[in-house]
Amino acid sequence: MNTNNSKIIYEKAKKAIPGGVNSPVRAFQSVDKEYPIFIKSGNESRLYDEDGNEYVDMIGSWGPMILGHNYPQVLEIVKKELENGTSFGLPTKKEVELAELVKSCFPSIEKLRLTTSGTEAAMASVRLARAFTGKNKIVKFEGCYHGHSDSLLVKAGSGFLTFAHQDSNGITEGVVKDTITLPFGDFEKLKETLESEKDIACVIIEPIPANMGLIETKKEYLEKIREITKKEKVVLIFDEVISGFRISLGGAQEVFGITPDLTVLGKIIGGGYPVGGFGGKKEIMDLISPVGNVYHAGTLSGNPISVAAGIETISILKKNTEIYENINTKTENLVNQINELIKKYSIPASVNHFGSLFTIFFSKEKVDTLEKAISSNAEFYSIYFDTMLKNGIIVPPSKYEAHFVSYVHNDKDMEKFLTGVEKTFEKISE
Ligand code: PLP
């Protein structure tokens, strides 16, 4: 496979951009690659690189592309919207339409604010929770990722975990001190913490953690968290940047039947354009400026192009709920077949899956904790990544991320994927 153009671009990129990339996982370092592939275009379920290679895309821009790349109706709306101008710094009717649409899918959201990224939305939610409760500390879970604002980077997942960092340099001791991190899944530790520490403003959680690889969540665990946070008057924030509109129209909170106080959204609500959003109870949301005194703003917040793409994407999902059945069934079938191959080749691997998300861990034991995710075999994952790439499939370049199945993945894509998996297993068992 010729990837020379990517190599040449990377050499230039390193001189102009730190590490040659604008988000660390993209560098392919953790899968032992000298350089990443540079993408020229995407269409439906496929990506095309600067050397003309074609790949089945299992990353889906890390979640937004639930309908695949260039979904015709979304593309058409965006083209039309471009002709109206791209940013005004003044409100538009479409922002109201998107807020109403999101509210109709998420009953816990009485009011919604839009941002330009999930990071900003999570950061603003924490600020809001602090203002609402008058308390300072926050609780997050090890391996959960809520973007890269200072207080939420402590023991975070995703790229942070990929590069084996515990804490980022450049974050003050005070911020670290105000972020309490607890193991995901350990309710007793959370209970003890909330009962003994009375300065906690919020608990923020990915209800379906997908940034330490996909980890299983138990409904009862989330229910208990809801109960104790209510009792201790601590704001419960569900970060549904990945799970929102992917697991179902109403996200993990709909699937588990749990109502958080605040919800963080992103990815799908912008249909592949820059976006984020946070919303929840009126009494909390109305503390935001200009109603209240919690500042939140953004030059491109509620950008007309992102909003138009988001409205179209959500409307398509809302009108065609069989899309969820389609992506979930496709994923389940794929995972079943991967499991058969694992058995056939006696590979020390297991697959976690939920809806249209899945992660292959090279670990014999089922991975249900961050520790087990960390101790899964990184060398085998690199072999998997490399073999898949050479066979025309791009999978997450880190063992700590999820694969994303889209509506436009077809039988051929799935077959190609399974052929790649079989070749990987043959190589591992050589
Ligand atoms: N929260 C979760 C659960 C995420 O997965 C991400 C990004 O992957 C974020 C927040 C941050 O969103 P963004 O990358 O748009 O800033």
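The values are calculated or read from the model by the stated rules, or taken from the named source; none is laboratory data. None of the values given here were measured: they were computed from a predicted structure. When we count neighbours, we look across all protein chains shown, and the Cβ atoms used for this are built from the backbone with ideal geometry, even at glycine.
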| request: For region 141-155, state whether one or more residues are away from the ligand (no atom under 16 Å from the Cβ) and either assigned to a helix (DSSP H, G or I) or modelled with pLDDT of 95 or more (or both). | output: no
| query | Just one of 49, 57 is more than 20 Å from residue 303 (Cα to Cα), in contact with a helix residue (DSSP H, G or I) (Cβ under 7 Å, 6 or more places away or on another chain) and at pLDDT 95 or above; which is it? | reply | 49
| When you look at residue 15, is it surrounded by fewer than 17 Cβ atoms within 10 Å (Cβ to Cβ), without any contact (Cβ under 8 Å) to a residue 60 or more places away in the chain and not assigned by TED's automatic domain parsing to the domain that holds residue 245, yes or no? | yes
| said: Condition (residue is surrounded by fewer than 17 Cβ atoms within 10 Å (Cβ to Cβ) and without any contact (Cβ under 8 Å) to a residue 24 or more places away in the chain) applied to region 343-364: is it met by at least one residue? | reply: yes
| task | Taking residue 309 as the residue in question, decide whether it is surrounded by 23 or more Cβ atoms within 10 Å (Cβ to Cβ), more than 13 Å from the ligand (Cβ to nearest atom) and either acidic (Asp, Glu) or part of a helix (DSSP H, G or I) (or both). | result | yes
| Residues of region 32-56 being closer than 17 Å to residue 409 by Cβ and among the basic types (Lys, Arg), which ones? | 46
| task | Could you figure out which of (1) over 27 Å from residue 361 (Cβ atoms); (2) among the hydroxyl-bearing types (Ser, Thr, Tyr); (3) buried (at least 17 other Cβ atoms within 10 Å of the Cβ) isn't true of residue 41? | result | (3)
| Across region 264-285, what is the total count of residues that are under 22 Å from residue 200 (Cβ atoms), within 16 Å of the ligand (Cβ to nearest atom) and either among the basic types (Lys, Arg) or under 14 Å from the mean Cα position of the chain (by Cα) (or both)? | 1
| field | Enumerated helices (runs of 4 or more DSSP H) restricted to region 30-134, each holding at least 1 residues that are away from the ligand (no atom under 16 Å from the Cβ) and touching a strand residue (DSSP E or B) at 6+ places or on another chain (Cβ under 6 Å) | value | 93-105, 118-133
| field | Long-range neighbours under 7 Å by Cβ, at least six apart or interchain, first residue under 15 Å from residue 76 (Cβ atoms) within region 297-309, second among the polar types (S, T, N, Q) | value | 305/86
| note | Note on region 229-250: residues within 11 Å of the ligand (Cβ to nearest atom) and not in a loop (DSSP other than H, G, I, E, B) are 237, 238, 239, 244
